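Only one structure is covered here, and it is reproduced in the block below.
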Amino acid sequence: SIDRGLSGPAPPFGWCVPCGRPLLQGGWLGAMVYGLGWVNPWLRWLAAQPPIDGVLTSLSSAQSVQALCKTVLGTPTVPPNVLLGWIIGVLLVYFMVMMMIPKGRLGIWGFIYFFLSSDQKTRKPDDANPDIAAASCKRMKVVFIRHGESEWNSVFNEGPKLTMPFRFLKALAQEFLMFFDQDSLFFDSPLSEVGIQQSWDLMSFLASQPTCTLENGQASRPVKELDVADLVSIIRGDTGRSIVVSSILRRAISTGFISLSPRFLKTQKEKDKVQIMTCLQEISRNVDTLSLTPKLAAPEIPATEANLKHMGDLMSHFYRTRFDKRHNKGNKTLKQKAIKRQEEFVKWLLDQAKGETDMIVVLGHSLWFREFFKSYLPKASQHVAKKEKMVNCGCIAFDFYKDSKNVYRIPPDSIKEIYGGFADKSKKTKVKKA
């Protein structure tokens, strides 16, 4: 009887409560179905609702489903509510198993985040003019360095659209082989081969610039009063005092370790660490913007980078010794919208202006950078930084101000291209500022 599980003594686990037929004797599947028998009234109601009823009818008539029911339940035909109960039970078991695996938990969170996130909300720009000349006005030089091309970019955003399904299937096979490792092509997507080369190219450019000695406080001057060689000297750690910060995502970190490797080779590891920050995490719902790294932990180097010829050992060394993890709060949450992360970074940035820091070097992402420019450039400004992404491994410097009336501003004339610039979608080439 269908109602057998609603009253009377509990039958042995070897019997299916909803249909009263033999199951796998003494198995956990019997226990699961027995538990579902107590919700039969709800299952019967749900199974009768369109379009669920039609789906269940189609499923129950499929030969493969009938064969499975014959093997497991002892009969090829089962009522819709029993079939629905089994489907829900299997999904619950799958969910519980996935929750036991770190990457499984991240996958579930990625699914939830994709549908519930409103991460695109950023600060609304204004046209207020800060009192830059006032002694109380704070200023900080900032350099944005966008990461090189990621594996996610190489699968979904680069190459012919016609071959994208093949690239995706190849990446999916590689992802399957990494399932139990703290590595991934999709989650926290690492640099691709192209991205690694782009990072090398940026390092070569930075290393090729002449060394400038900025004395008597010259390193603290605004961006528009310094030339590219001056700015590069500060970035490389040759002169002045700068701090390197990064998103907690590995592609941004690795871009910094490669492109700034000459700096990290000559500075003391105790005094020059990369501060990894959740507030710099990319703005998007996609799973490639979710981090594999737990709260207050150091990221693990991607396997492809650990095996790099002539560089793998050094990259592994940097990943072991060069992190300041205090600002790693773990993955962004549903409450940590882009506007909150922007505000958190700006607060930290201006706190550094109280000390002797001349420059903040930020390793990050295209959408985060573009939205930051849109939020803090004047509303009326038509600067290209508000419209276009920085190119992969692009390097841009600017000044950031805050006055006593809490007016925040990036002056458009302070933005200076150091390397790469901004992408022009129409011409597929870089363009300089308007």
Selected from 89, 51, 395, residue furthest toward positive end of dipole (the chain; charges at beta carbon): 51
If you take every residue apart from residue 205 with its C-beta less than 13 Å away from the C-beta of residue 205, what net charge results, scoring Lys and Arg +1 and Asp and Glu -1? -1
What is the percent carbon and sulfur in the accessible area of the chain, measuring with a 1.4 Å probe over the protein chains and ignoring ligands? 60
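Accessible area per residue of the chain at 1.4 Å probe, in Å²?
Accessible area per residue: 49 Å².
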Counting DSSP beta bridges in the chain, what percent are antiparallel, to the nearest 5? 55
For the charge dipole of the range 272-418, defined by +1 on Lys and Arg C-beta atoms and -1 on Asp and Glu C-beta atoms about the Cα centroid, which residue among 407, 280, 369 has the Cα displaced farthest towards the positive pole? 407
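Starting from the Cα gyration tensor of the range 145-189, take the square roots of the eigenvalues, sort them a ≥ b ≥ c, and report rounded, prolate or oblate (rounded when a/c is under 1.5, otherwise prolate if a/b is larger than b/c, else oblate). If you can, show how the numbers build up before the last one.
Values: a/c = 4.10, a/b = 1.15, b/c = 3.57.
Judged from the Cα gyration tensor, the range 145-189 comes out oblate (a/c at least 1.5, b/c at or above a/b).
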Answer in debye to the nearest 20: the dipole magnitude of the range 274-320 about its Cα centre, from +1 Lys/Arg and -1 Asp/Glu charges placed on Cβ, is 100
Going through the cross-link list 170/329; 269/387; 273/337; 332/387, which pairs have a Cα-Cα distance over 31 Å in this structure? 170/329; 269/387
Simple label model, 7 Å out from Cα along Cβ direction - residue 271 to residue 387, nm: 4.5
Report, in debye and to the nearest 20, how large the dipole of the chain comes out about its Cα centre when Lys and Arg carry +1 and Asp and Glu carry -1 on their Cβ. 720
Applying a 10 Å radius around every beta-carbon, put 405-413, 195-203 in order of their mean neighbour count, most first. 195-203, 405-413
In the chain, if the dipole is taken from +1 on Lys/Arg beta carbons and -1 on Asp/Glu beta carbons about the Cα centre, which of 219, 125, 42 is farthest to the positive end? 125
Take the alpha carbon gyration tensor of the range 266-320, find the square roots of its eigenvalues, order them as a ≥ b ≥ c, and report rounded if a/c is under 1.5; if not, report prolate when a/b exceeds b/c, else oblate. oblate
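Using a simple charge model, +1 on the beta-carbon of Lys and Arg, -1 on the beta-carbon of Asp and Glu, nothing else, what dipole does the range 308-363 show about its Cα centre, in debye to the nearest 20?
Once rounded to the nearest 20, the dipole reads 440 debye.
Given the rule -39500 (n - 2.57) for each run of at least 4 DSSP H residues, summed and divided by the residues of the chain, what is its mean residue ellipticity at 222 nm, to the nearest 500 deg cm²/dmol?
-12000 deg cm²/dmol
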Mind pulling the angle between the C-alpha long axis of helix 366-376 and the longest principal axis of the chain? Nearest 10 degrees, somewhere in 0 to 90. 60
To the nearest 10 degrees, how steep is helix 80-99 against the longest Cα principal axis of the chain, on a 0 to 90 scale? 40
Whole-Hz ³J(HN,Hα) from phi, Karplus 6.51 cos²θ - 1.76 cosθ + 1.60, for the range 204-218, glycine and proline x: 4, 5, 4, 5, 7, 6, x, 7, 10, 9, 9, 10, 6, x, 5
What ranking of 322, 123 comes out by heavy-atom accessible area, probe 1.4 Å, highest first? 123, 322
In sequence order, calculated HN-Hα J values of the range 276-286 (Karplus, 6.51, -1.76, 1.60; Hz; x Gly/Pro): 8, 10, 5, 5, 9, 4, 4, 8, 4, 8, 5
Go through 245-251, 40-46 and give me the packing order, highest mean Cβ count within 10 Å leading. 245-251, 40-46
Measure nothing fancy, just the Cα-based angle from helix 312-321's long axis to the longest principal axis of the chain, in degrees from 0 to 90, nearest 10. 90
According to a simple spin-label model (label point 7 Å from Cα along Cα-to-Cβ), what is the distance in nm between residue 356 and residue 55? 6.5
Pseudo-spin-label distance residue 213 to residue 174, built 7 Å along Cα→Cβ, given in nm, is 4.7
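The values are calculated or read from the model by the stated rules, or taken from the named source; none is laboratory data. Computed from a predicted model, the values in this text were never measured in an experiment. As a convention, Cβ positions derive from the backbone with ideal geometry for all residues, glycine included, and neighbour counts pool all protein chains shown. Protein only, heavy atoms only, side chains kept; ligands, DNA and RNA dropped before computing areas. Shrake-Rupley method; radii C 1.70, N 1.55, O 1.52, S 1.80 Å.
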